[in-house]
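A.B. asks: Sharing a structure with you now.
Nothing in this text is a laboratory measurement; each read-out follows from the coordinates by a stated rule. If you're wondering where the values come from, they're calculated on a predicted model, not measured in any experiment. Note that we place each Cβ from the backbone using ideal geometry, even for glycine, and neighbour counts take in every protein chain shown.
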Amino acid sequence: MNSRAHEFEIVIVGAGPAGLAAACAAAENGKRVAVLDDTPWLGGQIWRGEQAQPAQPGAQKWIERFRRSGATLIDQTSVIASPRPGVLTAEHPSGGREIRFQKLILATGARELLLPFPGWMLPGVVAAGGLQVLAKHGWPVAGKKVVVAGTGPLLLAVADGLKKYGAHVVSTAEQAPLARVAGFGLKLLLAHPGKILQGLGIKSRLLGVPQRFGVWPVRAEGDRQVRSVTLTDGQKTWTEDCDLLACGFNLVPNVELPLALSCELCDGFVRVDKWQATSVENIYCAGEPTGIGGVDCALAEGRIAGLAAAGRKDEARQLFAGRARWHRFRAAMAETFALRPEVKTLAADDTIFCRCEDATFGRVKQFSNWRDAKLQTRCGMGACQGRTCGAAARVVLGFGMESVRPPVLPARILSLLTISSDSTTIAETKITGTNQTL
Ligand SMILES: Cc1cc2nc3c(=O)[nH]c(=O)nc-3n(C[C@H](O)[C@H](O)[C@H](O)COP(=O)(O)OP(=O)(O)OC[C@H]3O[C@@H](n4cnc5c(N)ncnc54)[C@H](O)[C@@H]3O)c2cc1C
C-alpha cells in the first residue's frame with residue numbers, strides 16, 4: 001500500500017465553480033490537492049455536462065485550467081462523514097474510502113428549496129433546476145407544456161433552457177413583486193452590466209412567454225400526472241394547463257457536511273472569516289454554503305480559500321475587493337427574492353410534507369421542533385434524510401437543524417463496514433479521475 005496515496009495536503013469537497021477555483025489556486029501553488037465530488041462530472045450544478053464539450057466560456061476556462069493544475073479529481077465519491085479530525089469517510093461505487101487531509105475546503109454548493117403545496121407530489125411536478133438537468137441529459141421535454149414557477153434568477157434560466165430543448169413554456173411565475181425585481185435590475189445595471197446583458201439575452205429568447213411577477217402556485221391538479229396548475233397574485237386566481245410544472249423556491253445551502261465537522265453557522269450559512277476559514281481550524285468553506293451568490297461569487301470565494309489554504313495570503317488579499325462586489329450582489333439577490341409569507345402557508349393539513357415517510361403537514365406541524373417531529377412522525381428519516389422536508393420545515397415552521405448525524409448523504413452499510421475494517425484504501429482500488437488515476 002502506498003501510504004501517501006490517500007493523504008493530501010489540501011482536500012476539496014465539491015467540484016463546482018468554488019471547488020475548481022480553490023483547487024486551481026492551491027495546486028498551482030505546488031500543493032498536493034484532491035477534489036472529491038459525488039457526480040461523475042466537473043463543474044457542479046451550473047457547468048454539469050460541460051466537461052466533454054464545454055460550451056459556456058467560463059466552464060471551458062476553468063475545466064481546462066483545472067486539468068492543467070495537477071490537482072487530482074476523485075469523482076463519483078460522496079463524502080459522508082468525518083470520523084476524526086483530518087479524516088473524511090467517503091463512498092465510491094466500489095466501496096468505502098478514508099481520505100486524509102491537512103487542510104480541507106468545503107465547496108458543497110446548494111440545492112433547490114421545494115415547498116409543499118396541494119398536488120406537489122403529482123408526477124410531472126418537478127424541481128425547476130432538476131428539470132433543467134434532466135433535459136440537459138436527454139430527458140425529452142420537446143412539445144411538453146411547462147409552467148415554471150417559484151422564485152429566484154434560476155427560474156428564467158430554466159425557462160430559457162427548456163425552450164431551447166423544444167418545450168412549450170406556457171408561462172413563468174415569480175413570487176417576488178415586479179417593483180423589487182426591477183430595482184434589482186437597476187442595481188445590476190450600475191454594478192454588473194454583464195449580468196444585465198445576460199438577463200436581457202434570456203428575456204429576448206423568452207419573448208412571447210408570459211412572465212408574471214408577484215404570482216405564485218397554490219395548487220397542482222391532475223390524475224396520474226399533473227394536468228394544470230392554479231396560480232394567484234393574491235387577488236385573482238386562475239388555472240393554466242401544463243404537462244410539467246417546474247417549481248423551485250430558490251436555493252438552500254448544503255451545510256450538512258460543514259455541520260458534521262462542527263463548523264459554526266450564521267443565519268443558516270457557514271460562518272467564515274476574510275480568508276474563507278470556518279470556525280474549525282484548517283477547514284475553509286467557499287461558494288453557496290456561505291451564501292447564495294451565484295457562479296462569480298463562488299469563483300471569487302473559491303480562489304481566496306485555495307490561496308489562503310496554500311499559505312498565499314498576500315495573493316488572496318488582492319481578491320478581496322472583487323469578492324466584496326459579489327457579496328453586494330448576493331445581498332441584493334437575497335433581498336429581492338425573499339419569500340413572501342403566503343408561499344410559506346400553501347400546504348394543507350393533508351398535504352404530504354415528507355415524501356420519503358409520507359408524513360403529512362397536519363402531523364408535522366403539531367410539534368415545536370424538528371427533533372420531536374422526526375421522532376413522532378418519522379419525517380426526515382427516509383432515503384433523502386430530510387434534505388427536502390428538513391429545509392421546508394425550517395422555512396415553513398421555523399424549525400432549526402440542531403444536529404447532523406453521519407452519514408450526511410445516504411450510504412450503503414457495506415461502505416461503512418469497509419471503512420471500519422480499515423482494509424481498503426483509495427490506493428488499492430482504481431478510481432478514475434480526470435487528472436490522475438489513483
Ligand atoms: C439544480 C441547480 C441548477 C442550477 N442551474 C443553474 C444555471 O443554469 N445557471 C446558473 O447561473 N446557476 C445555476 N445554479 C446555481 C449555481 O449552482 C451556483 O450559482 C454556483 O454554481 C454555485 O457553485 P458552487 O461551487 O458553490 O456549488 P455547486 O455548483 O453546487 O457545486 C457543489 C458540488 O459539490 C458536490 N457535493 C456536495 N456535497 C458533496 C459531498 N458530501 N460529497 C461529494 N460531493 C459533494 C455537488 O454534487 C456539486 O457537484 C443551479 C443550482 C442548482 C441547485
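A.B. asks: Going by amide H atoms built from the backbone, whose H comes under 5 Å of the H on Phe117, apart from near neighbours?
C.D. replies: Correct list: empty.
A.B. asks: Another question, then. Please work out the C-alpha center-to-center distance from the range 60-74 to the range 190-267 and express it in whole Å.
C.D. replies: Here the two parts' Cα centres lie 32 Å apart.
A.B. asks: Could you work out how far apart the two model spin labels at Lys136 and Asn369 are, taking each label as a point 7 Å from the Cα in the direction of the beta carbon, and quote it in nm?
C.D. replies: 3.9 nm
A.B. asks: Report the calculated FRET efficiency for Arg32 and Glu342 (r = Cβ-Cβ distance, R0 = 60 Å), to the nearest 0.05.
C.D. replies: 0.70
A.B. asks: Once you measure Cβ to Cβ distances between cysteines in the chain, which Cys have no partner under 4.7 Å?
C.D. replies: Cys24, Cys242, Cys247, Cys263, Cys266, Cys285, Cys297, Cys356, Cys384
A.B. asks: Taking only the Cα atoms of the range 148-203, how large is their convex hull per residue, in Å³?
C.D. replies: Details: hull volume 4.0 nm³, N = 56.
For the range 148-203, the hull spanned by Cα atoms encloses 71 Å³ per residue.
A.B. asks: With r defined as the distance between the Cβ atoms of Arg67 and Ile196 and R0 fixed at 30 Å, what FRET efficiency is calculated, to the nearest 0.05?
C.D. replies: Values: r = 32 Å, r/R0 = 1.07.
The value I calculate is 0.40.
A.B. asks: Based only on other Cβ atoms within 10 Å, what is the fewest-to-most ordering of His168, His6?
C.D. replies: His168, His6
A.B. asks: Scan around Lys144 for amide H atoms under 5 Å from its own, H built in the peptide plane at 1.01 Å from N, and keep only partners 5 or more places away or cross-chain.
C.D. replies: Sorted by chain and number, the residues that satisfy this are His168.
A.B. asks: While we're looking at this one, here's another question. Give me the angle, in degrees from 0 to 90, between the Cα long axis of helix 57-69 and the longest principal axis of the Cα atoms of the chain, rounded to the nearest 10.
C.D. replies: 20 degrees
A.B. asks: Need one number: nm distance between label points at Asp349 and Glu221, each 7 Å from Cα along Cα→Cβ, rounded to one decimal.
C.D. replies: If labels sit at Asp349 and Glu221, their model points lie 2.3 nm apart.
A.B. asks: Between Trp238 and Glu9, what FRET efficiency comes out of the Förster formula 1/(1 + (r/R0)^6) with R0 = 45 Å and r the beta carbon distance, rounded to 0.05?
C.D. replies: Taking R0 as 45 Å, the efficiency between Glu9 and Trp238 is 0.15.
A.B. asks: Expressed as a whole number of Å, what is the distance separating the alpha-carbon centroids of the range 140-156 and the range 370-396?
C.D. replies: That distance is 27 Å.
A.B. asks: Apply the Kirkwood formula to the range 114-249: the hydrodynamic radius equals the inverse of the mean of 1/r over all pairs of different alpha-carbon atoms; give it in Å with one decimal.
C.D. replies: It works out to 15.0 Å.
A.B. asks: For the chain, which longest stretch is free of loop sites, where a loop site is one of the trypsin sites (Lys or Arg not before Pro) that DSSP puts outside H, G, I, E and B and that has at most 13 other Cβ atoms within 10 Å? Intermediate results must be reported in sequence, preceding the final value.
C.D. replies: Details: sites that count: Arg4, Arg224, Lys236, Lys274, Lys430.
Answer from the scan: 5-223.
A.B. asks: Can you pull out the GluC sites (Glu not before Pro) in the range 269-375 whose DSSP state is coil and whose Cβ has at most 14 other Cβ atoms within 10 Å?
C.D. replies: Glu281
A.B. asks: Within the range 181-199, which residues have the backbone N less than 18 Å from the label spot 7 Å out from Ala324 along Cα→beta-carbon, could you tell me?
C.D. replies: Those under the cut-off are 191-192.
A.B. asks: I would also like to ask the following. Give me a comma-separated list of calculated 3J(HN,Hα) values for the range 262-272, in order, Karplus coefficients 6.51, -1.76, 1.60 applied at θ = phi - 60°, integers in Hz, x for any Gly or Pro.
C.D. replies: So the J values, rounded to whole Hz, are 6, 6, 6, 10, 9, 6, x, 10, 5, 7, 10.
A.B. asks: At q = 0.11 Å⁻¹, what is the base-10 log of I(q)/I(0) for the chain according to the Debye formula with one equal point scatterer per Cα and no solvent? Please give it to two decimals.
C.D. replies: With one equal scatterer per Cα and no solvent, log10 I(q)/I(0) is -0.88.
A.B. asks: Excluding residues on the same chain fewer than 8 positions from Lys195, give the lysines whose Cα lies under 26 Å from its Cα.
C.D. replies: Result set, ordered by chain and number: Lys61, Lys136, Lys163, Lys164, Lys187, Lys203, Lys274.
A.B. asks: Now a separate question. What distance in nm separates the two pseudo spin-label positions at Gln56 and Asp314, each 7 Å out from Cα along the beta-carbon direction?
C.D. replies: Simple spin-label model gives 3.5 nm for this pair.
A.B. asks: Given the Cα atoms of the range 272-410, and with Rh set as the inverse mean 1/r over their pairs in the Kirkwood sense, what is Rg to Rh to two decimals?
C.D. replies: Numbers: Rg = 18.9 Å, Rh = 17.4 Å.
The Rg/Rh ratio comes out at 1.09.
A.B. asks: Moving on. When the chain is fully extended, how far beyond the present Cα-Cα distance does Lys203 get from Val87, taking 0.36 nm per residue of separation? Numbers along the way, then the final one.
C.D. replies: Numbers: separation 116, 0.36 × 116 = 41.76 nm, distance 4.69 nm.
Extra length from Lys203 to Val87 when fully extended: 37.1 nm.
A.B. asks: In addition: What is the mean projected area of the alpha carbon convex hull for the range 342-397, to one decimal in square nanometres?
C.D. replies: 3.2 nm²
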